[in-house]
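Here is the structure we will look at.
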Amino acid sequence: MTPEQLSETIRAALLAGIDDSDFQLSPFDVPEVKVERPRQREHGDWATNVAMQLAKKAGTNPREFATTLVERLAEIDGIESAEVAGPGFINIRLAAGAAGELARTIVRANGAYGRGDSLKDQVVNVEFVSANPTGPIHLGGTRWAAVGDSLARLMEFHDARVIREYYFNDHGSQIDNFAKSLYAVVAGEDAPENGYGGQYIQDIANEVMVEAMEAGDRDPLERPRDEAIEFFRERGVRLMFNEIKDSLKDFGVEFDVYFHEESLHSSGKVERALDELKASGALYESEGAWWLKSTDHGDEKDRVVIKSDGNAAYIAGDIAYIRDKHERGADLCVYLLGADHHGYIARLKAAAAALGYDPASVEVIIGQMVNLVKDGQPVRMSKRAGTVVTMEDLVDAVGVDAARYALSRSSTDQSIDIDLDLLASATNANPVFYVQYAHARSAGVARNAAEYGIAREDGFDAALLTHESEAALLGALGDFPRVIAQAVEFREQHRVARYLEELASAFNQWYDRTRVTPLGDEEVTDLHRTRLWLNDATGMVLRTGLHLLGVSAPERM
RNA sequence: GCCCCCGUAGCUCAGCUGGAUAGAGCGUCGGACUUCUAAUCCGUUGGUCGCAGGUUCGAAUCCUGCCGGGGGCGCCA
């Protein structure tokens, strides 16, 4: 019996009780029954507090209510015992057969166990990373790559159609400064004000020069200054962008759409969106600029959309972009942004509202900062000082799996400290190996079982899974769908990682106390076969969970 | 001044849509491999859940106010 089935069973018992006038309640009072795994294993397999929720409404006290309900539950097939505890909890123990059946259910589902449909038919646009092509992706962007991709995977697991999108800011002054910086380093000039420094500028500039020479282009340095800068802009951005794409690919993140901000302007989409907003009165003119009345939609002040010099402000692109995303079919637009952008939430929602979309169709997930730490001391990342750590640096130091896991296992509300030396040397400090090891172990057990000629299909008797560690492992497996559902609902990928650590622990304990393959001359029995089902079910859930985090599930370690 | 995030064991963090005796990893100390992988398991050590009020049968969890740390409040992008 899965927890969902148990929950339904309890609900049915409540409704039957109401029917028989055991409970003075309306059927409409009966909520979805929450069943939870009790912290204390002795309390049973599952527990519910439904009696405490309903007692008041039914005009009785929780314990009395629970006692009546327990009498009904105890009669049900598959429930071994139900008892009232504490202030009115009901602790339920499943019959071994009913609990153990889950192992077969999971294996038969063949990777689909834990799937849900809460986002069925929803088109979800998830925009993340979106780092400017003025330099490599640093640690912060790396975090969003890990988190964003994992959230996308989770939403897909709940039947959403997800579009992974990268907004490429190739328009505006930062790019101009980037181009000037490239030019300056080749021309032997000082870096421009607000320009970029660092080795990668040198590298990209050199690459542009080499490309130009090989292609037989005219030496950029012999061209007029503006033309040369334009030359570096076009080539430099392309090279930088390819480098970013390569890093992301190595990181296991592939975007469906790389969207160019420039295209919003050159295609006239910005102009069209703004004209429309002017017509609808969402924009007004003041002090020579055009403003969005974002205060109508909860922003603390109105925002300039067209500057008094006639140029579009950054938000103009965002407005056209929100509309473009919706026109491409998105029901929900999710943005992952760093904590330094939290002031942007109201603006984006206001923009959506002004365009006539439901502000709830724009959802901004704010993630806290990633800090670099060395020898226990925070290190300020500075491009000038050359202390910037990039996605590539992180992967080189600890590998993709450890990097993605470390960045995914914390709540995005929590800032993260990354110590490269620590992650690289004391790899045990990173629980990814613990989870992966458990998976490799289950794969090893399966290999050995095959050698012993143990075949799952030859026998399965759920009632044989009676060991204490088996009840615990089955309980953990039963939790998986709920954990996934919550991770999806709250957009919290870290719940998956934490769950996997618990599951791996339950599996290791089980492994330590029981055996799948026979000892010595023992004959292969249904106990061995049934345990193989359980082993394989666990391996499958570990693999599914790791996959949702974008982490590999090795067969051997 | 206003807004967002955080404050839980020595350290790093779960738990927060109210529930039972607040958990895990690392660290300390001590155990377990002639039998499916010891990257494991078992035991031990460890807490005014920042502080003060409030709501509730019940608060780490919800509300208010303070304290401390981080980030943000552009006709920059």
Worksheet item: Under the definition of Cα pairs under 8 Å and six or more residues apart, what whole-number percent is the relative contact order of chain A?
Response: 16
Worksheet item: What does the convex hull of the alpha-carbon atoms of the range A:330-391 project to on average, in nm²?
Response: 6.1
Item to complete: Just the ratio, please: alpha-carbon radius of gyration of the range A:452-557 over 2.2 N^0.38 Å, N its number of residues.
Response: 1.17
Worksheet item: For the range A:10-158, what ratio Rg/Rh do Cα atoms give with a Kirkwood hydrodynamic radius?
Response: 1.17
Worksheet item: Label A:E276 and A:D20 with points 7 Å out from Cα along Cα→Cβ: what is the distance between them in nm?
Response: 6.1
Practice prompt. May I ask for the angle, rounded to the nearest 10°, between helix A:96-109 and the longest principal axis of chain A, with both axes built from Cα atoms and the value confined to 0 to 90°?
Written response: 40
Item to complete: Please get the size of the charge dipole for chain A, origin at its Cα centre, with Cβ charges of +1 on Lys and Arg and -1 on Asp and Glu, quoted in debye to the nearest 20.
Response: 660
Response to the item:
Env charge @ A:A553, Cβ radius under 10 Å, K,R +1 / D,E -1, value -1
Fill in: Cα-based equivalent ellipsoid, the range A:353-443: semi-axes from gyration tensor eigenvalues, Å
30, 23, 11
Discussion item. Taking just the alpha carbons, could you work out the radius of gyration and Dmax for the range A:471-517, both in angstroms?
Written reply: 12.4, 41
Worksheet item: With the dipole of the range A:293-424 worked out from charges on the C-beta (+1 for Lys and Arg, -1 for Asp and Glu) around the Cα centre, which of A:Q414, A:L348, A:S361 lies farthest toward the positive end?
Response: A:L348
Worksheet item: Going toward the positive end of the dipole of chain A, with +1 on Lys and Arg Cβ and -1 on Asp and Glu Cβ, which of A:A339, A:A537, A:G475 do you reach last?
Response: A:G475
Worksheet entry | Where labels lie 7 Å past Cα in the beta-carbon direction, separation of A:D29 and A:R108 in nm | 3.8
Fill in: chain A: calculated mean residue ellipticity at 222 nm from DSSP helix runs of at least 4, using -39500 (n - 2.57)
-16000 deg cm²/dmol
Worksheet entry | Hydrodynamic radius by Kirkwood, which averages 1/r over all alpha carbon pairs of the range A:190-331, in angstrom | 18.6
Worksheet item: Which GluC sites (Glu not before Pro) from the range A:44-86 combine a DSSP loop assignment with at most 12 other Cβ atoms within 10 Å?
Response: A:E75
Practice prompt. Towards the positive end of the charge dipole of chain A, with charges on Cβ (+1 Lys, Arg; -1 Asp, Glu), say which of A:L94, A:V435, A:G459 has the farthest Cα.
Written response: A:L94
Worksheet entry | the range A:3-94: relative contact order as a whole-number percent, Cα under 8 Å and 6+ apart | 25
Worksheet entry | Two-decimal log10 I(q)/I(0) for chain A, as the Debye equation yields it once each C-alpha is a single scatterer, q = 0.06, 0.07, 0.11 Å⁻¹ | -0.42, -0.56, -1.08
Worksheet item: Size of the dipole of the range A:280-339 about the Cα centre, Lys and Arg at +1 and Asp and Glu at -1 on the beta carbon, nothing else charged, in debye to 20?
Response: 140
Practice prompt. Could you tell me the distance between the Cα centroids of the range A:445-488 and the range A:102-158, to the nearest Å?
Written response: 26
Worksheet item: Helix A:3-19 versus the longest principal axis of chain A: what is the Cα-based angle in degrees, 0 to 90, to the nearest 10?
Response: 60
Worksheet item: Among residues other than A:A16 whose Cβ falls under 13 Å from its Cβ, what is the net charge (Lys/Arg +1, Asp/Glu -1)?
Response: -4
Worksheet entry | Relative packing of A:179-190, A:270-281, A:19-30, A:399-410, which averages over residues the other C-beta atoms within 10 Å, highest first | A:399-410, A:179-190, A:270-281, A:19-30
Worksheet item: Roughly how many nanometres apart are two label points built 7 Å out from the Cα toward the Cβ at A:E327 and A:D121?
Response: 2.5
Worksheet item: How big, in percent, is the set of alpha carbon pairs in the range A:3-94 lying more than 21 Å apart?
Response: 20
Fill in: FRET E, pair A:R515, A:D340, Förster distance 45 Å, beta-carbon r, rounded to 0.05
0.25
Worksheet, complete the sentence: For chain A, longest principal axis from Cα atoms; helix A:173-187 axis from its Cα atoms; angle between them, nearest 10 degrees, is 60
Practice prompt. Report Rg/Rh for the range A:173-250, rounded to two decimals, where Rg is the Cα radius of gyration and Rh the Kirkwood radius.
Written response: 0.97
Worksheet, complete the sentence: Taking every other residue with Cβ under 9 Å from the Cβ of A:A346 and scoring Lys and Arg +1, Asp and Glu -1, one gets 0
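Since every read-out is calculated from the coordinates, none of them should be taken as a lab result. Values in this document were obtained by computation on a predicted structure and should not be read as measured data. Glycine also receives a Cβ, built like all others from the backbone with ideal geometry; neighbour counts cover every protein chain displayed.
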